Amino acid sequence: MKNIITAMACLLAIHLNAQTTLLHRKIKPLMDRTNSNGELYGPNDIFVHRTTSYFHLINGVSNSLMNIDYNKSYGLSSLTKIVFNRSNYISPVLSVGLNYLNLNIKQNDTQPLSGGMSHQRQEIRQWALPIGFLLRWNWQSRGYGLGVFSELGVSGQWNFSNVLFQKDRNDQIAQMGASQSKTYLNNLKYVNRYQQCLEGRIGFGIFAIAAKYRISEFFKANDAINGGKALPNFGKWSIGIEINGWNRKKSKPKEDEI
């Protein structure tokens, strides 16, 4: 829990201090603004906001070979979303950012990654660069701001860092004058470098509820692990809570703005 709070605090700090907003600010002429269409911004405006998310994995099918501890596994993300034609009811969305996934592995001395012992803690830690393409339905069409919205689309990510973390405390370590040992195994060849997901969300202003479904397999076959067979997969569904933010200030006012 301490690690989750620390990571979320860091992402939230980045989120609050690196917000941008409308890139294109062509304002409708005064004659076009009536009581019924009083939007300040035209249909080609681009709206940019930041999203900080916490995701919880949904329990998958258990197996006798290797199990994930879902109560201690989680995902974090910090994304920049570019919303095109924000004044329309349907807007294309491009999202880019950074994802972090922590998989806590239940321990026994026979699971494929154990090394013949039960560790105090064993986790797969993954950092990834995602890019997503979505369609957003703006239930409250307006020039800027989030309002009520829903999204549906696909995303892919490059997993540039895959690490197996192991923490141990036993008599052999104590004899060496230490209380515990931590091991980091990098560049895991049994984890897929590229993954794809389906995702959707419903947003209410700065908050949103999101769901993801992983299309691709997380693990792949490797001769050094599990007799050359891919490790058993874990749950493909995850749900999350998102915090959205934006900066209402316009960076480059046009001459025709009032």
*Within the stretch 71-100, work out how many residues are within 24 Å of R193 (Cβ to Cβ) and open to solvent by less than 30 Å² (accessible area, probe 1.4 Å).*
10
*Filter the stretch 101-126 down to residues that are over 30 Å from R50 (Cβ atoms), out of contact with any helix residue (DSSP H, G or I) (no Cβ under 8 Å at 6 or more places or on another chain) and open to solvent by less than 50 Å² (accessible area, probe 1.4 Å), then give me how many there are.*
6
*Among the residues of the stretch 55-93, how many are over 14 Å from the mean Cα position of the chain (by Cα) and either of a type in the set (S, T, Y) or under 30 Å from L146 (Cα atoms) (or both)?*
16
*asked:* Six or more apart or on different chains, Cβ atoms under 6 Å: show the pairs whose first residue is in the stretch 204-233 and more than 30 Å from L134 (Cβ to Cβ) and whose second is among the basic types (K, R) and open to solvent by 70 Å² or more (accessible area, probe 1.4 Å).
replied: A221/K229; N222/K189
*asked:* If R201 satisfies all but one of (1) surrounded by 11 or more Cβ atoms within 10 Å (Cβ to Cβ); (2) out of contact with any helix residue (DSSP H, G or I) (no Cβ under 9 Å at 6 or more places or on another chain); (3) modelled with pLDDT under 95, what's the number of the condition it fails?
replied: (3)
*Residues in the stretch 131-153: is at least one closer than 25 Å to L188 by Cα, out of contact with any His (no Cβ under 6 Å at 6 or more places or on another chain) and of a type in the set (S, T, Y)?*
no
*Do we have L129 as exposed (fewer than 15 other Cβ atoms within 10 Å of the Cβ), in contact with a Pro (Cβ under 8 Å, 6 or more places away or on another chain) and either acidic (D, E) or farther than 17 Å from E242 by Cβ (or both) here?*
no
_So Q122, is it of a type outside the set (A, V, I, L, M, F, W, C), in a strand (DSSP E or B) and more than 12 Å from the chain's Cα centre (by Cα)_ = yes
_Criterion (in contact with a helix residue (DSSP H, G or I) (Cβ under 9 Å, 6 or more places away or on another chain), part of a strand (DSSP E or B), small (G, A, S) and on the phi < 0 side of the Ramachandran plot) met by exactly one of S91, S77, S150_ = S77
*Of the residues in the stretch 175-197, how many are open to solvent by 80 Å² or more (accessible area, probe 1.4 Å) and touching a residue at least 24 places away in the same chain (Cβ under 8 Å)?*
5
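The values are calculated or read from the model by the stated rules, or taken from the named source; none is laboratory data. In this text the structure is predicted, and so the values were computed from the model without any measurement. FYI the Cβ positions are ideal-geometry reconstructions off the backbone, even for glycines, and counts take in every protein chain you see. In case anyone asks, the SASA skips ligands and DNA or RNA and just uses the protein heavy atoms, side chains included. Shrake-Rupley method; radii C 1.70, N 1.55, O 1.52, S 1.80 Å.
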